[in-house]
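Laboratory data are not the source of any read-out in this text; all were calculated from the coordinates shown. Here the structure is a predicted model, which is why all the values come from computation and not from measurement. We place every Cβ from the backbone using ideal geometry, glycine too, and count neighbours over all the protein chains shown.
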Amino acid sequence: MSAETGSATAGSGGAASSSVNPESVRAIAKKDFQDSVRSWLFWGLSAFFFALLVIVTGVLSYFGEDIAAQGATTGMLVLFVSQITKLVVPLIALVLGWKSIAGERESGSIKILLSLPNSRKDVLLGKLLGRSAVLSLSLTVGFGLAAIVVAALLGGFDVVDYAGLLVMSIVYGVAYTSIAVALSSLTRSTTMAGAAMAGIFVMFYGVWNGLEGAFRLLAQREFLFFDTVTYTATVQGQEFEAERLQDWVYFVLNLDPGQAYTNGLTLLTDVDALENQATINAQMFGGEFPIFLQDWFSFLILLFWIAVPMVVALYQFDRVDI
Amino acid sequence: MPAITVDNLTKSFGQTLALDDLSFQVEEGEVFGFLGPNGAGKSTTINIVLDFARPTAGEVTVLGMDAQQHSRDIRRRTGVLPEGVETYDRLTARQHLEFAIESKNATDEPEALLERVGLVDAIDKKAGGYSKGMSQRLMLAMALVGEPDLLILDEPSTGLDPNGAREMRDIVREENERGATVFFSSHIMEQVEAVCDRVGILRDGEMVAVDSVEGLRDSVEGGTTLRVTVDRIDDDALQAVRSLPDVGSATVEDGTPPTLIVDVDGSKTAVLSTLEDRGIEVQDFSTSEASLDDVFRSYTTETEVHAR
């Protein structure tokens, strides 16, 4: 380092301040992991999550004999657990990511990161990686411990389905971590960041869930461009006509990461119960789902939620005063 | 080549002008004291040097590179002790240093660095339990990682007891002898005069003086301030005092009775006799040696009075 005699080292790399250096990203991710994995809040949430899993398993094993007779124990487990994780994973991710940048700006410790040869982009990516790693650890430990309990109580389960649930939950969690870290970098104070986290939660669990009803009402009144589409369905050999919403409405509804999570699970796991839950079926679309309603598309939606908040944050965070 | 060149730098936050057309240079190999009261714009300047904040106008060059375009390259060769920063509560001193060493791609040993700043005993304790002085020592150790060509220390004595402040100054000297340029900000003159080759005094976002410690002392008061209480004063007598060869300046502090304040660099009796020659009765007089603190105060407070 000091061997550099420092005359004309300029010239190397145009806008160095906004470049990404994998080594720096790794160093920040490592430090961030070490830091947040020791957080009391994190372990509290993980314990809470694990307790939920065990309670579900316990209840399941209590009624387990009936279900086991139908050979669908793991299926029921995945179904119940996924409904819990659909709600709990975003909570853990938002709480973990909430202060990731805003907190460091408030305490000034971000200057420690940025005094070293790390770019602001390195900081954002490192934070995303570090917090995602912590979240993945929490989920893996929780699922792993629960698996032991499940195996003991139920006497065995389908490992592939269960692993599918874990992988999907991690991808889902990373999407929410990306949203959390990005929002944290766009605000100056942890108070504002906290409000943003609450806003995101309300948006996807309040607003988005109410959207279908709202769209249906608008469509029935043919308000502006809202309308319904008539399709022919066959139920028990009888054909009848029914109405559904326009294609794009289903696209909007499916943008919810939680919805994408559930849809993705049907692909990764082999659980019939999940499919039966679905409120839409291929008949509504003349026998085949449009691309954006096919199960694999939900991975793209989750990728979208990982990438887009980060891209916005990477652009914006380079342009502000710390 | 200067280590830091600040050129017509202006920074405003909304309506507030934090830096007003600031220009100065820090030469390679020197210890430069960046002095000014709190709120003068020292941290804003350092923030721009390190690309934490962007200038409204003007340019900053560090180690020959543009502060914004080549910030990462600059920070590879710079050690920084930022001001008003909390360390990571849940990480130990060793983990802090490992992070800095890894980020800088350096080969230092955490033990050796902590030995230098006197914190090696707490190496595996979490920083959350550190006192303010211990945190400051840890951050100084982090700044030393990778033998930087430039050290930027923002209020490094914060939280240090007099002994700690002295040890910190020793480290500054050692680093300077190794060949590092040191840029050292403080709001206390005393801490700067002992180690700095040159001092720049910042007030309200403007550099009001840049000189060596000796030069500053000479420039302001030629050494001694004479306060003479008289029964009355007139312009004629005042002019006569001012025209004395040893007198730098003479001002009147109104009051009953009025007081004459004279900067004198030699014979005090000449002043007194000049007054008496003009029939003015000297009721009392006192002298005081100008300390560097007076110099600092005269630049940062009295100038303000004159300006109004």
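Report the local net charge at residue A:25: Lys and Arg +1, Asp and Glu -1, summed over other residues whose C-beta lies under 14 Å from its C-beta. Surrounding charge for residue A:25 is +4. A straight line joining the Cα centroids of region B:72-116 and region B:218-280 runs 55 Å. Each Lys or Arg adds one and each Asp or Glu takes one away; over the other residues whose Cβ falls under 12 Å from the Cβ of residue B:210, this sums to -4. Name the residues of region B:142-161 whose amide N is less than 17 Å from a point 7 angstrom out from the Cα of residue B:178 along the C-beta direction? Residues passing the 17 Å test: B:142-154. Each peptide among B:64-70, A:232-238, A:132-138 gets the average number of other Cβ atoms lying within 10 Å of its residues, and from highest to lowest they stand as A:132-138, B:64-70, A:232-238. Put a dot 7 Å past the Cα of residue A:23, heading toward its Cβ, do the same for residue B:120, and the two dots end up 2.7 nm apart.
The calculated FRET efficiency for the pair residue A:152 and residue B:194, based on their C-beta separation and a Förster distance of 41 Å, comes to about 0.05.
Peptides B:134-145, A:294-305 ranked from most to least packed give B:134-145, A:294-305, packing being the mean of other C-beta atoms within 10 angstrom over each peptide's residues.
Calculated mean residue ellipticity at 222 nm for chain A: -22000 deg cm²/dmol, from DSSP H runs with n ≥ 4 weighted as -39500 (n - 2.57), summed, divided by the residue count and rounded to 500.
Checking the cross-link pairs B:42/B:126; B:11/B:126; A:99/B:104; B:11/B:132; A:99/B:125 against a 27 Å limit on the alpha carbon distance flags B:42/B:126; B:11/B:126; B:11/B:132 as lying beyond it.
A simple packing score, the average count of other Cβ atoms within 10 Å per residue, orders the peptides B:41-50, B:111-120 as B:41-50, B:111-120, with the highest score first.
Compute the whole-percent fraction of alpha carbon pairs in chain B spaced more than 34 Å apart.
Of the Cα pairs, 36 percent sit more than 34 Å apart.
The antiparallel fraction among DSSP beta bridges confined to chain B stands at about 70%.
The ratio of the alpha-carbon radius of gyration of region A:20-317 to the globular-protein estimate 2.2 N^0.38 Å is 1.12. With K and R counted +1 and D and E -1, the other residues having a Cβ less than 12 Å from that of residue B:197 yield a net charge of -4. Rounded to the nearest 20 debye, the dipole magnitude of chain A is 1600 debye, with +1 charges on Lys and Arg beta carbons, -1 on Asp and Glu beta carbons, and the Cα centre as origin. Here, P(r) means the percent of Cα pairs in each 10 Å bin from 0 to the largest distance; for the protein assembly as shown it is 3, 13, 18, 17, 14, 12, 9, 6, 3, 2, 1, 0, 0.
From helices alone, chain B scores -9500 deg cm²/dmol at 222 nm; the rule is -39500 (n - 2.57) for each run of n ≥ 4 DSSP H residues, then divide by the residue total.
For the residues of B:85-94, the average number of beta carbons from a partner chain within 10 Å of their own beta carbon is 5.
Among the residues of A:22-33, the average count of other protein chain beta-carbon atoms within 10 Å of the residue beta-carbon is 3.
Of all beta bridges that DSSP places with both ends in the protein assembly as shown, some 75 percent have antiparallel geometry.
For chain A, leaving out every one of the GluC sites (Glu not before Pro) that falls in a DSSP loop and has at most 10 other Cβ atoms within 10 Å, the longest unbroken run is A:1-221.
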